[in-house]
Structures are given as C-alpha cells and as structure tokens.
Amino acid sequence: MNKTLTKVSCNCCDYNITTSQLNGWLVFLYNGVEVPLRKTLGWCQHCHGLVSAEQLRDSELIIQEMSELAKQLSAIEKTLKTNYWQRLLNRKLRRVRRRSVETLLSLAAELDIARQRNNQAKCISCGGFNVQVIEANIHIGEQFWQQSKHKSLATGLVHPVCGGEFIASEQIQSQAPLSQAANYQYISTTNRSA
C-alpha cells in the first residue's frame, strides 16, 4: 500500500523536508468557544526551519461571513416568532438556529483573535509570531497530488537563508500492510528459536 507524502524543498539549496500533513485544521479554545484555525506550513525565524503554523483568515472575510450568517439567523428568528406552530413543532429549524448561533459565536471569537494578533501566523512548535506562511489560496495536501497533473507546485514561500523558493512535490512512500508485517515478525521469531 502506498502513502502519498509531500516533499518541500528549496530550489536553490539542498534544504528539504518530507511531511504527511501540510494543511489541516486545529481547534482552538478561546473564552469557552471552539475556534477552528487553519494549519499550514511556514518558515519560523525562531526555529530556523519549516514548521506547522496557525494561519488566521483575513478580518474582512470573517466580517462578511458573520454578516451573511446574521441575515440568515434574522430570517429564522422572524419565522419562529410569527408562527407559533413552527416554533413549537419544527425541530429542524430550531437546530439550524442553534448551529447558526454557535457558528456566529465562533466567528466572533476568530475575529477577536485575528485583531489581537494583527492577522499574524503563529508557530505551533515555539509559539512565536515571526513566521512566514504559504499563501492562503495555495492548499497543498494529499488530495492535490491525487487530482493534479502537475508533479510540483511553487509555494510562494521564500527560503530566508538562500533566497530560493520552496517547491512542493509528491513523494510516494510504500508501506506494507499491518497483517503482512505481523506475519513477517512472527516468522522471524519462529526461525530464531528453531
């Protein structure tokens, strides 16, 4: 069984790393509210290497999403207030309202964090804010390599040591299935005792 990994290497020097997860999401607890934050790859000046970093979305984008959600929530509230039977019997509408309120609280917490940090990325390893990250519109992941014809992708991230650019490419790692590995270990143990 093959596993797709991502190799990120500098195009000017021999610096490279191999990772299985470049992008993803973390859940951050902020004043009792769960806030999803994007995890991406970046260069940390303090760690002097490529690290995982928390990347915040743009404040304007968060505000726009909050505005659209508030409009939807207002329409739901209007429906629930005007129709007694809808309010009493429509569980789905009440569930949608509850999820919308939770999402609105989460977006408000995300906006607060973004404003406090001035939209700076944070290194997950050391907690420092001196991190340059891959642009938000570039999403490199396992799905990219499976769906793309291109075998490499420029990240737009500059290597501060030599001035080169980091290039992401697919690297396939072959793995033996667990059952075969277990059989192999069992056979080797039997052979040693014989």
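The values are calculated or read from the model by the stated rules, or taken from the named source; none is laboratory data. What you see is a predicted model; the values in this text were computed from it and never measured. Using ideal geometry, Cβ is built from the backbone for each residue, glycine included, and neighbour counts are taken over all protein chains shown. To get the accessible areas, we keep the full protein, side chains included, count just its heavy atoms, and leave off ligands, DNA and RNA. Shrake-Rupley method; radii C 1.70, N 1.55, O 1.52, S 1.80 Å.
Things to note:
- Surface calculation, 1.4 Å probe, protein heavy atoms: I63 sits at approximately 60 Å² accessible.
- Heavy-atom accessible area for T79, with the other protein chains in place and a 1.4 Å probe, reaches approximately 60 Å².
- Which of V158, V131 is most accessible, then next, and so on - probe 1.4 Å: V158, V131
- Sequence-distant residues sharing a close amide H with L5 (under 5 Å, placed H): Q171, I172, Q173
- Note that the range 69-82 has calculated 3J(HN,Hα) couplings of 5, 5, 5, 4, 5, 5, 5, 5, 4, 5, 5, 5, 6, 7 Hz, one per residue in order, obtained from phi through the Karplus relation 6.51 cos²θ - 1.76 cosθ + 1.60 (θ = phi - 60°); glycine and proline are x.
- Environment charge at R38 (Cβ cut-off 9 Å; Lys +1, Arg +1, Asp -1, Glu -1): +1
- Accessible area ranking (1.4 Å probe, heavy atoms, ligands and nucleic acids excluded), largest first, for V96, V27, V35: V27, V96, V35.
- Local electrostatic count, Q72, Cβ distance below 12 Å [Lys/Arg +1, Asp/Glu -1]: +1
- D112 contributes about 60 Å² of solvent-accessible surface, heavy atoms of the protein only, 1.4 Å probe.
- Net charge over other residues, Cβ less than 13 angstrom from the Cβ of V101 (K, R count +1; D, E count -1): +3
- Taking all protein chains together, L61, L69, L153 sort by accessible area into L61, L153, L69, largest first [probe 1.4 Å].
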